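Each reported figure results from applying straightforward, stated rules to the coordinates on display, with no laboratory input. Treat the numbers as computed from the prediction; the structure is a model and nothing was measured. Glycine gets a Cβ as well: all are built from the backbone with ideal geometry, and neighbour counts include every protein chain shown.
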Amino acid sequence: MSGVSEACVERTLGQTLPHFLVEPSYLRKVKERGAIWRFTMKSLNELFEHTLQDVYYAENAITKALPKVAKAAKSSELKKVAEEHLGETKDQIKKLEAVFKSIGKKPEGEKCDAIEGLIKEADGLMDEASGTALDAGLLAACQAVEHYEIARYGSLREWAKLLGHEEAHNLLGEILDQEKAANSKLTNLAVSKVNKK
Ligand SMILES: [Fe+2]
């Protein structure tokens, strides 16, 4: 979330600040003193839009991470799955842009700490693992990302329905199905070939 919105700023203790306390000079003073602030969303619509920005950021980050996975993997099947999912991810970015358009918003990303953490773990694995541990670990890292995405798209799809965003509901459902299929493909590959003692 960029900037400071007076309507949604709250103190760490959860109390809504009186209006006069959130004027810019006050905020500057609080920041200088190192006070902790948090931003909240008050409506499902705000939460929906924020989470949409999160997954938009995440999908773009995934397009940069997948080529690294494909390059590092030793298994030709795992390389292929990573490469195929890169194409699907690019398609999902277009679908998300259509979701933004359908609700009258510009596509924007909001830094997603969850995906940053998952990608960081995969990067660490590439430095630390070798042999059978590398492919099994990389595949598991890809599944952690898929599970994260399944959770997010499952929520987004239902919120879209509740908010009456029919086109968004359908598009998010399509992405959710793609993520579930990618996860199943990874499970099959892990069980049949990649997981070895
Ligand atoms: Fe995705």
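So which residues in segment 145-162 are crowded, with 17+ Cβ neighbours inside 10 Å, more than 16 Å from the ligand (Cβ to nearest atom) and among the aliphatic types (A, V, I, L, M), if there are any at all? If the condition is that a residue be crowded, with 17+ Cβ neighbours inside 10 Å, more than 16 Å from the ligand (Cβ to nearest atom) and among the aliphatic types (A, V, I, L, M), then ALA160 is the only one that fits. Only residues that are surrounded by fewer than 15 Cβ atoms within 10 Å (Cβ to Cβ) and either of a type in the set (Asp, Glu) or farther than 16 Å from GLU84 by Cα (or both) were counted in segment 175-197, giving 7. Evaluation of LEU138 against the conditions (1) buried (at least 17 other Cβ atoms within 10 Å of the Cβ); (2) within 16 Å of the ligand (Cβ to nearest atom) shows that the sole unmet condition is (2). Being of a type outside the set (Lys, Arg) and not in a helix (DSSP H, G or I) is a property that GLU108 has.
Assessment of segment 95-102 against the conditions (away from the ligand (no atom under 16 Å from the Cβ) and touching a residue at least 12 places away in the same chain (Cβ under 8 Å)) yields at least one matching residue. Contact annotation: residue pairs with Cβ atoms under 7 Å, 6 or more positions apart or on different chains, pairing a residue in segment 68-92 that is closer than 12 Å to CYS142 by Cα with a partner that is of a type in the set (Lys, Arg), are ALA70/LYS79; ALA73/LYS79; VAL81/LYS185.
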